[in-house]
Amino acid sequence: MSALAEKADSPLKKKPPSWSDIWLKNTKPLKHVVFTMPLQSLSPKDLKSQTLIPTFANIDRTLLLSDELLLQILSKLPHLQRNPNSLVCKRWLNLQGRLIRSLKILDWDFLESGRLFTRFPNLTHVDLLNGCLLSPRDSGILLTHRLVSMQMGSGFCSNRKFLEEDLLPVEVVDKGLQALANGCPNLRRLVVINASELGLLTVAEECLTLQELELHKCNDNVLRGIAACENLQIVKLVANVDGLYSSSVTDIGLTILAQGCKRLVRLELSGCEGSFDGIKAIGQCCLMLEELTICDHKMDDGWLAGLSYCENLKTLKLLSCKRIDRSPGRDEYLGFCPALERLHLQKCQLRSKKSVRALFRVCEAVREIVIQDCWGLDNDMFRFASVCRRVKLLSLEGCSLLTTEGLEAVILSWQDLENLIVVSCKNINESGISPALATLFSILKEL
């Protein structure tokens, strides 16, 4: 019996306590908890004073993060969510402004007062076009053009040039450019209208990283300021726009531009004048030029021959040109662009056989031809494209005068053709497809 008692009293064989024993033996602290819980729920004042972490819910946890870390977090969010985030607090508003790189200025006072640089200190792309317009902000009349969109009052006259009378004075624009140059030294892209040579010189001196410039209502004298921007790679010059404003860029301005901006890669000339000499100067000086766009030009006859001096040109675009070149000259003087790969014609009038023939002669090394909504392109005009023996892609859209027969006469001579795209050409249909053309279609990569 004693041995059994010893085994029963042994600590190794002792039964572990149950949860019910602990609950009954330790009632004092549990009673405290049970009684305090209803008291806190019944008295809101006591709840605020007796909570274990009384102010944790009211603490802004982002205050523990540095500005640099919070900027990295905000930069990862989608662009559509950034504007709502800026309404959280002033700190987030300021940080959001540091993330903005591109901005269109609508209020010129916002630029002159300096608030622009306080709110957005890291801007690299600035568009001043709409900010230079004196248009009513509350007007319901909107004038939209391919180049500009502006609000207008109800008392406008249909025979006047809208932007000519609604632009800020040149002195005011230059003053704004000076403020912009001082506030945004890392500026890379600028869009401005009605500036002068002095205003652009200020930008050239302060913004050494400026690479892209879009200049509206410019002339030869203004281009002297552009020539000081040595690192420019992309330039768009808009001299004249019918019904909006008028100015003049001649061979003098094109020569100044070519001699000053020798690192140009892309150049667009819209409404510009000039001739063979201006295009030749661009080709001889801008050896890195790869893309040239000519829109609604006013150039003299014979300018097409100047393209042969653009030895590294890869893309040539003609947009909204009422004429190509009425008197291009003899074939031996035309030459051709040896590195040209793409020819784009959009909304051009192809009514002169001499012009179209000379154009395809200059572009005979092209590999891609895109013709969209061009008037006058019939079978006779399109036959001149047969000189382009290296074409791999042909895209036709809105060429209503071109027939299946005219298309076949050209593309059967192109041994390298791989892609053919035909859109809204009503006279090109299946009924006129010959066996030879059907065989060609069967080996194309894209039809």
Pairwise label distance in nanometres, K322 with E446, each label 7 Å out on the Cα-Cβ vector: 3.5 nm
Rounded FRET efficiency, nearest 0.05, which uses the C-beta distance separating D242 from A438 and R0 of 35 Å: 0.15
Pairs of Cα atoms farther than 16 Å apart, the range 198-253, %: 42 percent
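Filter K217/K262; K298/K354; K298/K322; K175/K298 down to the pairs with a C-alpha to C-alpha distance above 21 Å, please. Intermediate results must be reported in sequence, preceding the final value.
Numbers: K217/K262 23 Å; K298/K354 18 Å; K298/K322 9 Å; K175/K298 32 Å.
Those over the limit are K217/K262; K175/K298.
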Förster-model FRET efficiency, 56 Å R0, W375 and N231, C-beta, rounded to 0.05: 0.90
Computed accessible area, R101, all protein chains, 1.4 angstrom probe, square angstrom: 110 Å²
For the range 288-336 and the range 361-375, distance of Cα centres in Å: 12 Å
Within the range 239-283, backbone nitrogen closer than 11 Å to the virtual label 7 Å beyond the Cα of K298 toward Cβ: 239-243, 245-250, 271-274
Using a Förster distance of 25 Å, the FRET efficiency for K354-V422 (Cβ separation, nearest 0.05): 0.40
Separation of the D127 and R330 label points, Cα + 7 Å toward Cβ, nm: 4.9 nm
Label-to-label distance, nm, for residues given as V387 and D109 (7 Å Cα→Cβ offset): 6.0 nm
Gain upon complete extension [E405, L198; 0.36 nm per residue less C-alpha separation]: 68.7 nm
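The values are calculated or read from the model by the stated rules, or taken from the named source; none is laboratory data. Keep in mind that this is a model prediction, so the values were computed, not measured. Here the Cβ is made from the backbone with ideal geometry for all residues, glycine too, and neighbour counts use every protein chain on show. Note: areas computed on protein heavy atoms with side chains; ligands, DNA, RNA excluded. Shrake-Rupley method; radii C 1.70, N 1.55, O 1.52, S 1.80 Å.
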